[in-house]
Amino acid sequence: MPNIYYTKESNVQLAQGMLDKVNQIGQKYHAVTKKMIHITSGNRTRPGQAQAMYTKFKNNGSVKLYSDQKNAQEIKDAYDKGIKEHKNESTVVKAMTDVIDSQVRRSAYISYHLVGRAVDIRKKGMTSSEIEAFRKAVQGSGARLLNEGEPFHWHLQW
Ligand SMILES: [Zn+2]
C-alpha cells in the first residue's frame with residue numbers, strides 16, 4: 001500500500017488511475033515541502049460543470065480561460081441571458097446545463113472534468129516556494145497545468 005500524499009474534499013470523485021497520477025505529484029511536492037496537496041474538484045456531471053461555470057462567471061471569470069472559447073461563449077451566452085432576465089441561480093444553471101448537454105451530444109466537451117481527466121488542486125495558502133515545488137512536481141507527470149481563478153486553483157488535465 002503506497003503512502004498517500006494528497007487530501008481531498010469528501011465529495012470529490014476520481015478514478016483510481018487519476019488518483020495515482022495525483023499521488024505521484026503529491027509525493028514529489030511533499031518531498032520538498034512536507035505538505036500535502038489538496039484536491040478540490042474531480043469528475044463533474046454536466047450540472048456540476050454548469051454550476052462551476054456559473055460561479056466563475058459570477059466572479060467575473062472570462063471565457064478566455066477556456067481553450068474552446070467558442071463553446072465557452074455559448075455557455076456564457078446562456079448565463080448572460082439568464083442574468084439579464086433576472087432568473088434565479090438554479091434556473092440559470094439549468095439553462096447552462098442544457099447548452100453543455102447539446103455540446104456533449106456533438107462530442108464537444110468544455111472541460112476535461114466532464115470526461116474524468118481533470119483535477120483541481122487548492123492554491124490558496126501556497127507560498128511562492130511551494131508554488132515552485134508544485135510546478136516542478138507536475139513536470140514530467142504528463143499533465144497540462146493551468147492556473148485558474150475564481151476561486152484560485154491549479155487545474156491539471158491529462
Ligand atoms: Zn479544473
Expressed as a whole number of Å, what is the distance separating the alpha-carbon centroids of the range 118-158 and the range 11-73?
9 Å
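Quick one: of 21/70; 35/136; 21/76, which pairs are farther than 25 Å apart, Cα to Cα? Write out the running numbers ahead of the final one.
On the way: 21/70 30 Å; 35/136 15 Å; 21/76 32 Å.
Cα-Cα > 25 Å for 21/70; 21/76; rest within.
Which links in 8/124; 58/84; 8/58; 56/124 stretch past 19 Å when you go from one Cα to the other?
8/58
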Under a cut-off of 15 Å between alpha-carbon atoms, report the aspartates and glutamates in cross-link reach of residue 81, not counting same-chain residues fewer than 8 places apart.
89, 98
Mean separation of Cα contacts under 8 Å (6+ apart) over length of the range 46-110, as relative contact order %
40 percent
Counting other Cβ atoms within 10 Å, keep those with at most 15, restrict to DSSP loop, and tell me which trypsin sites (Lys or Arg not before Pro) in the range 103-148 are left.
106, 124
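Can you put 39, 83 in order of Cβ neighbours within 10 angstrom, beginning with the fewest? Each step should come with its number before you reach the end.
Values: 39 22, 83 14.
With the sparsest Cβ surroundings first, the list reads 83, 39.
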Using only Cα atoms, tell me the angle between helix 69-84 and the longest principal axis of the chain; keep it within 0 to 90° and round to the nearest 10.
60 degrees
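Label the range 46-110 by shape, choosing from rounded, prolate and oblate, from the square roots a ≥ b ≥ c of the eigenvalues of the Cα gyration tensor; if a/c is under 1.5 it is rounded, and otherwise prolate applies when a/b is larger than b/c, oblate when it is not. Each step should come with its number before you reach the end.
Numbers: a/c = 1.78, a/b = 1.26, b/c = 1.41.
The shape class here is oblate.
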Using only DSSP helix segments of four residues or longer, with each worth -39500 (n - 2.57), what per-residue ellipticity at 222 nm results for the chain after dividing by its residue count and rounding to 500?
-15500 deg cm²/dmol
Taking the range 14-102, which GluC sites (Glu not before Pro) meet the DSSP loop condition and have no more than 10 other C-beta atoms within 10 Å?
85
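A short reminder: the numbers here are calculations on the coordinates, not readings from a lab. Predicted, not measured: the structure shown is a model, and the values here were computed from it. So basically every Cβ, Gly included, is an ideal-geometry build from the backbone, and we count neighbours across all protein chains shown.
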